[in-house]
1. Does segment 56-63 include one or more residues that are surrounded by fewer than 18 Cβ atoms within 10 Å (Cβ to Cβ) and at pLDDT below 90?
2. Of the numbered conditions (1) modelled with pLDDT under 95; (2) touching a Leu at 6+ places or on another chain (Cβ under 7 Å), Gly105 fails exactly one; give the number of that condition.
3. Within segment 1-42, how many residues turn out to be acidic (Asp, Glu), under 18 Å from Val120 (Cβ atoms) and surrounded by 12 or more Cβ atoms within 10 Å (Cβ to Cβ)?
4. When only residues in segment 94-136 that are of a type in the set (Asp, Glu) and under 16 Å from Phe26 (Cα atoms) count, which is surrounded by the fewest Cβ atoms within 10 Å (Cβ to Cβ)?
5. Taking segment 64-89 as the search range and keeping residues that are of a type in the set (Gly, Ala, Ser) and modelled with pLDDT under 95, which one is surrounded by the most Cβ atoms within 10 Å (Cβ to Cβ)?
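The values are calculated or read from the model by the stated rules, or taken from the named source; none is laboratory data. Quick caveat: nothing in here was measured; it's all calculated off a predicted structure. Cβ coordinates were reconstructed from backbone atoms using ideal geometry, including for glycine residues, and neighbour counts include every protein chain displayed.
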Amino acid sequence: MDVSGYDESNGFRLFFGTEASDNLAFETGFVDLGTFDVTGTSASVDAWGVDLSLLGKVPVSDSVSLFGKFGLFIWDVEGTIPGLLIATDTGTDITYGFGGDFEFGEQWSGRISWDFYPDVSGGDIDVISFGLSYKF
């Protein structure tokens with residue numbers, strides 16, 4: 001993840017969803033956007049939240065589909081200096097992105113995606129992720 005004025009960070013997302021059809025799905029997930037060190041200081045910012053998204057999917061083959069997503073991101077941010085909480089902020093904003101799912105086997109698939117979280121406490125956060133999903 002890359003945010004202007006902050007060092008890069010790593011995060012993760014755990015999500016659950018359901019497919020309404022071959023072309024439509026719904027997802028919700030917990031997103032930990034990571035801890036960003038404020039450039040030139042000892043301060044850092046932690047960001048996380050919950051997203052609710054609608055996915056439009058286009059099957060490209062029997063095992064590959066592309067998707068675009070749009071939804072809401074309910075976020076929380078904490079700014080700290082070592083040992084001291086100095087600021088908190090919360091909000092709800094849109095999120096969107098696109099990616100691809102690559103099925104291997106009946107229940108497993110890999111995912112590559114780009115997600116954008118605009119205006120999280122005044123900053124825009126880009127996320128490029130790689131993951132696995134399991135279909136029940």
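1. Checked against the condition, which is being surrounded by fewer than 18 Cβ atoms within 10 Å (Cβ to Cβ) and at pLDDT below 90, segment 56-63 yields no hits at all.
2. The number of the failed condition is (2).
3. First pass over segment 1-42, keeping only residues acidic (Asp, Glu): 2, 7-8, 19, 22, 27, 32, 37.
From what's left, under 18 Å from Val120 (Cβ atoms): 2, 7-8, 32, 37.
This time we only want the ones that are surrounded by 12 or more Cβ atoms within 10 Å (Cβ to Cβ), so: 2, 7, 32, 37.
Residues that pass the stated criteria total 4.
4. Of the residues in segment 94-136, the ones of a type in the set (Asp, Glu) are 101, 103, 106, 115, 119, 124, 126.
Pick out the ones that are also under 16 Å from Phe26 (Cα atoms) and you get 101, 115.
On the way: Asp101: 21, Asp115: 23.
Per the criteria, the residue is Asp101.
5. Filtering segment 64-89 down to residues of a type in the set (Gly, Ala, Ser) leaves 65, 68, 71, 79, 83, 87.
Adding the requirement that they be modelled with pLDDT under 95 leaves 79, 83, 87.
Values: Gly79: 18, Gly83: 5, Ala87: 11.
If we take residues in segment 64-89 being of a type in the set (Gly, Ala, Ser) and modelled with pLDDT under 95, then Gly79 is surrounded by the most Cβ atoms within 10 Å (Cβ to Cβ).
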